[in-house]
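S.K.: So that we are looking at the same thing, I have put the structure below in structure tokens.
The values are calculated or read from the model by the stated rules, or taken from the named source; none is laboratory data. Worth saying up front: this structure is predicted, and the values here are computed from it rather than measured. Neighbour counts are summed over all protein chains in view; Cβ atoms, including those assigned to glycine, are modelled from backbone coordinates with ideal geometry.
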Amino acid sequence: MAFLLACALLFSAASACLPREKQAPKELDLSGTSITVWDVSQPAVAGAPDYSAETARVVAEFEKDHGVKVDLRLVSRQDISLLLAGKSPGTGVSLVYSTEWPFVPAGLPGSPGLADPAAYVDSAAAYWTKDGAMLAAPAYVHWVSAVSTAAPDKTTPATACIPGSAAFLKSALDYPSGGWDPDNVVTYLAWVKETYGTPPQDPLAAWQDGAVQTLFPVTPYLYQWLRDSGGRPVTLSPEAGPRNEPGVYYTVPGYLVLAGEEPYRTCAAKLAVVLAANLGRWAARAIGGLPAAMADAAVFQVDSRFSDAERSALIQAVYAGTLRVPAAADFLYAEAIEDTVSEDVSQFLSGKTTEAELSQSIREASQKHTKP
Amino acid sequence: MLVISLAVAALGASSGKPPAFLAEDEPREPLMPSPEPVRRHDVYDLKSRLKELGLYAGPVDEVYDVAAVAAVKEFQRQYWLADTGIVDDGTWRALAHGVERPLRPVAGPPPEGTFSIEVDTEKLALTLMVDGSPWRTYPVAAGRWDTKTPVGEWKIVEKGFAEGGPFGARWMGLDVPWGGYGIHGTNMPWTIGGYYSIGCIRMFNEDVSEVFDLVAVGTLVKVTGYRPELDFTLALRPGSASPEVVALQEALRKQGFDTGRCDGRFGAATEARVKEVARLYGLSSSSQVVPVTVLRLLGLR
């Protein structure tokens, strides 16, 4: 009897060591879940699909596939910025588009498994990765570059900058070698003034009239407008900054999950990936954005209307890129500085104020808007 | 009477005189001959009718001059009126004699749904829509070339029974922010189908009464067609109210950035969309005034 018992014990112990058949993790049942999503309008672009119609179709398919209800609202980018900066309630929003100038809102709830980094272009995934986890589903690479056209009468080409652009300072200072230290800001602006002179009052008119050959900074949306509005060919012509910053700056707009509880979080995460891919494809076709999803690289190659050389330059610049999404505090600090000194910057570049006056103005703004 | 009053109240109508801002533009005092020629808006309508009747051959303008007075006197004689040259209600009624509203089938009961109005000043037609589909169309008179009917998306803000005269049987005031405009009847039915008013939309009295009974205060009125020459060199900023703002709102909507109703009021929604477009296209968005670059982007300059 004791022998039998001992054998039974030995057998059960041995069985315990045998590999068990793995049980698949239980998929969360999302049926019946209802979430609210904030997205944005995209401009109507000739020859490109209607973004709102595409998005509505994609959402309807998602609802049907998962048995969920999605309340999709098109809001302004300002509404989104206020929501993410914590300056408006926006209660009940589970998923939101980051806008083209993303930042990580304070207290963003984590969404484990939100997106698989391997499915995305490395730099797009890295842009949104913190502590090993992706914070958003990346949609596309929103690049910023100089853009040129042939000089109509082959005279010395002129370059015009657009100092009021949201990308003007960001494209030079959002690098480790740059930074928003007042000295860096002034140094950069002095370089712009020396290199490019006084910016035209109406850069688009100057472009259309042939008074300038190169414009910067140009976003994908402006590039599409320049390409479609004038008769002259337009090409990307990246120019390095004063500290050899790459000629192509970029952000990676994406979809952020705000819901912290299940099943809303999982539902929002799944939809985030779908919406991001949808926007990435639209961006490739409409404005020459580079889709973040590897699976959509072909859309960029075939439908972006760039030349081979332009596509190559963009892809190389982006693939080697090391930019990261800023934290809310850093982003809002930079925005506050930009807003406060925009008039002073214009005055300086127009030659109406000195470098010393500009420097003082920026220092005062910096002191007023200290980072929390 | 109680039922009628309740019905009137339900449709948001008031009885009595049209609002002052409309009345100023449509004089009700008799038109008197004077040693110095009188300039009045309705003289244009008068001279048009006299010309139609073969009694006047001079220029059709707003001046009640000697030739126009003579033509009126001749008309009055032909219509057994005292040939004073004074154009009073009696003379206006006589001038309208023989002008008939085109016959049409009697309208059946209106369908269920939400009413709205669309006015096309090129076609000089007002269409009553039900849930976005056209139900019935009426001929109208619109603003003259120098006083065009404002293009935009308006709402009926007041309704009332007029006492006849230039407003005819009914009037419906619109919320155009830069002036007093409305839809009303007329005592000059010969003007329907032409460009005669200083911006209001005139209808035959029978037609305006029909529309009046069906629509309520708050009904959307969309006016399309001829616009005055727009001037985008003027600064557009929050608080502006002008035809240029309507064009800006329409251009934003066409680009995919809806500001709501294109009502010519540069409010918070329009400001937000202008800044959004500026920021999206990498243009300056800090100024209160709409940047010329944004106007250029939208195809307005």
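S.K.: Pull up the stretch A:170-222, narrow it to residues that are in a loop (DSSP other than H, G, I, E, B) and surrounded by fewer than 16 Cβ atoms within 10 Å (Cβ to Cβ), then point me to the one that is nearest to the other protein chains (Cβ to nearest Cβ).
M.R.: A:Gln201
S.K.: Now for a separate question. Given the conditions (1) out of contact with any helix residue (DSSP H, G or I) (no Cβ under 8 Å at 6 or more places or on another chain); (2) within 10 Å of chain A (Cβ to nearest Cβ), report the number of the one that B:Gly193 does not fulfil.
M.R.: That leaves (2) as the condition not met.
S.K.: Moving on. List every residue pair whose Cβ atoms lie under 9 Å apart, where the two residues are 6 or more positions apart in sequence or sit on different chains, the first residue falls within the stretch B:74-103 and is among the β-branched types (Val, Ile, Thr), and the second residue, located anywhere, is modelled with pLDDT under 90.
M.R.: Listed by first residue and then by second, the contacts come to nothing, as the list is empty.
S.K.: Do we find that A:Asp344 is among the charged types (D, E, K, R), part of a helix (DSSP H, G or I), crowded, with 18+ Cβ neighbours inside 10 Å and within 13 Å of chain B (Cβ to nearest Cβ) in this structure?
M.R.: When the stated conditions are applied, A:Asp344 passes them.
S.K.: Every residue in the stretch B:122-134 that is touching a residue at least 24 places away in the same chain (Cβ under 8 Å) and surrounded by 17 or more Cβ atoms within 10 Å (Cβ to Cβ), please. Lay out the reasoning, then the answer.
M.R.: Taking the stretch B:122-134 as the starting set, the residues that turn out to be touching a residue at least 24 places away in the same chain (Cβ under 8 Å) are B:122-124, B:126, B:128.
Residues satisfying the conditions are B:Leu124, B:Leu126, B:Leu128.
S.K.: A follow-up question, please. Can you tell me which of (1) closer than 30 Å to A:Arg232 by Cβ; (2) crowded, with 19+ Cβ neighbours inside 10 Å is the one A:Leu95 doesn't meet?
M.R.: Result: A:Leu95 fails condition (1) only.
S.K.: Filter the stretch B:104-121 down to residues that are in contact (Cβ under 8 Å) with a residue 40 or more places away in the chain and small (Gly, Ala, Ser) and give me whichever is farthest from B:Gly182 (Cα to Cα).
M.R.: Within the stretch B:104-121, the match that is farthest from B:Gly182 (Cα to Cα) is B:Ala107.
S.K.: On to the next question. Can you pull out every residue in the stretch A:111-129 that is in contact (Cβ under 8 Å) with a residue 24 or more places away in the chain and assigned to a loop (DSSP other than H, G, I, E, B)?
M.R.: Answer for the stretch A:111-129, where residues must be in contact (Cβ under 8 Å) with a residue 24 or more places away in the chain and assigned to a loop (DSSP other than H, G, I, E, B): A:Ser111, A:Gly113, A:Leu114, A:Ala115, A:Val121, A:Trp128.
S.K.: Working carefully through the options B:Lys155, B:Lys123, find the one that is touching a Ser or Thr at 6+ places or on another chain (Cβ under 8 Å) and under 24 Å from B:Leu230 (Cα atoms). Full working, then the answer.
M.R.: Numbers: B:Lys123 fails: touching a Ser or Thr at 6+ places or on another chain (Cβ under 8 Å).
Answer to the check: B:Lys155.
S.K.: Still on this model: Check whether at least one residue in the stretch B:221-233 is within 13 Å of chain A (Cβ to nearest Cβ), under 30 Å from B:Thr127 (Cβ atoms) and free of Cβ contacts under 8 Å to residues at least 12 places away in the same chain, and report yes or no.
M.R.: No - not one qualifying residue is present in the stretch B:221-233.
S.K.: Tally the residues that are within 13 Å of chain B (Cβ to nearest Cβ), outside any loop (DSSP other than H, G, I, E, B) and surrounded by fewer than 16 Cβ atoms within 10 Å (Cβ to Cβ), restricting the search to the stretch A:26-72.
M.R.: Here the count works out to 1.
S.K.: How about the stretch A:304-346: which of its residues are among the hydrophobic types (A, V, I, L, M, F, W, C) and over 23 Å from A:Leu173 (Cβ atoms)?
M.R.: Hits for the stretch A:304-346 are A:Phe306, A:Ala309, A:Ile315.
S.K.: Ok, one more. Filter the stretch A:86-110 down to residues that are within 16 Å of the chain's Cα centre (by Cα) and outside any strand (DSSP E or B) and give me whichever is farthest from the other protein chains (Cβ to nearest Cβ).
M.R.: Restricting to residues being within 16 Å of the chain's Cα centre (by Cα) and outside any strand (DSSP E or B), the top hit is A:Pro105.
S.K.: Something else: Taking the residues in the stretch A:73-85 that are over 15 Å from B:Asp258 (Cβ atoms) and in contact (Cβ under 8 Å) with a residue 24 or more places away in the chain as candidates, determine which candidate is nearest to the other protein chains (Cβ to nearest Cβ). Steps first, answer last, please.
M.R.: Kept after step one, since they are over 15 Å from B:Asp258 (Cβ atoms), are these residues of the stretch A:73-85: A:80-85.
This time we only want the ones that are in contact (Cβ under 8 Å) with a residue 24 or more places away in the chain, so: A:80, A:83-85.
Working: A:Ile80: 10, A:Leu83: 14, A:Leu84: 15, A:Ala85: 15 Å.
Checked the stretch A:73-85; the qualifying residue nearest to the other protein chains (Cβ to nearest Cβ) is A:Ile80.
S.K.: If I go through the stretch B:252-301 residue by residue, how many of them are more than 11 Å from every other protein chain (Cβ to nearest Cβ) and aliphatic (A, V, I, L, M)?
M.R.: 3
S.K.: Being modelled with pLDDT under 90 and more than 21 Å from A:Leu189 (Cα to Cα): is that true of A:Gln367 here?
M.R.: no
S.K.: Testing A:Trp225 on (1) free of Cβ contacts under 8 Å to residues at least 12 places away in the same chain; (2) away from chain B (no Cβ under 14 Å); (3) surrounded by 17 or more Cβ atoms within 10 Å (Cβ to Cβ), one condition comes back false. Which one is that?
M.R.: (2)
S.K.: Can you name the condition, by its number, that B:Ile192 falls short on among (1) surrounded by 23 or more Cβ atoms within 10 Å (Cβ to Cβ); (2) at pLDDT 95 or above?
M.R.: Condition not satisfied by B:Ile192: (1).
S.K.: Which condition breaks for A:Gly289 when tested against (1) among the small types (Gly, Ala, Ser); (2) surrounded by fewer than 21 Cβ atoms within 10 Å (Cβ to Cβ); (3) over 20 Å from A:Gly164 (Cα atoms)?
M.R.: Among (1) among the small types (Gly, Ala, Ser); (2) surrounded by fewer than 21 Cβ atoms within 10 Å (Cβ to Cβ); (3) over 20 Å from A:Gly164 (Cα atoms), A:Gly289 violates only (2).
S.K.: Please count how many residues of the stretch B:31-45 are surrounded by fewer than 18 Cβ atoms within 10 Å (Cβ to Cβ) and in a loop (DSSP other than H, G, I, E, B).
M.R.: Of the residues in the stretch B:31-45, 6 are surrounded by fewer than 18 Cβ atoms within 10 Å (Cβ to Cβ) and in a loop (DSSP other than H, G, I, E, B).
S.K.: Conditions: (1) touching a Gly at 6+ places or on another chain (Cβ under 9 Å); (2) crowded, with 16+ Cβ neighbours inside 10 Å; (3) modelled with pLDDT under 95. B:Leu280 meets all but one. Number of the miss?
M.R.: Among (1) touching a Gly at 6+ places or on another chain (Cβ under 9 Å); (2) crowded, with 16+ Cβ neighbours inside 10 Å; (3) modelled with pLDDT under 95, B:Leu280 violates only (1).
S.K.: Can you list the helices (runs of 4 or more DSSP H) lying wholly within the stretch A:244-327 that have 2 or more residues being touching a residue at least 40 places away in the same chain (Cβ under 8 Å) and under 24 Å from A:Leu135 (Cβ atoms)?
M.R.: A:264-286, A:308-319
S.K.: If we keep just the residues of the stretch A:272-309 that are over 18 Å from the mean Cα position of the chain (by Cα) and among the charged types (D, E, K, R), which is modelled with the lowest pLDDT?
M.R.: A:Arg305
S.K.: Given (1) within 14 Å of chain B (Cβ to nearest Cβ); (2) on the phi < 0 side of the Ramachandran plot, identify the lone condition not met by A:Tyr127.
M.R.: Every condition holds for A:Tyr127 apart from (1).
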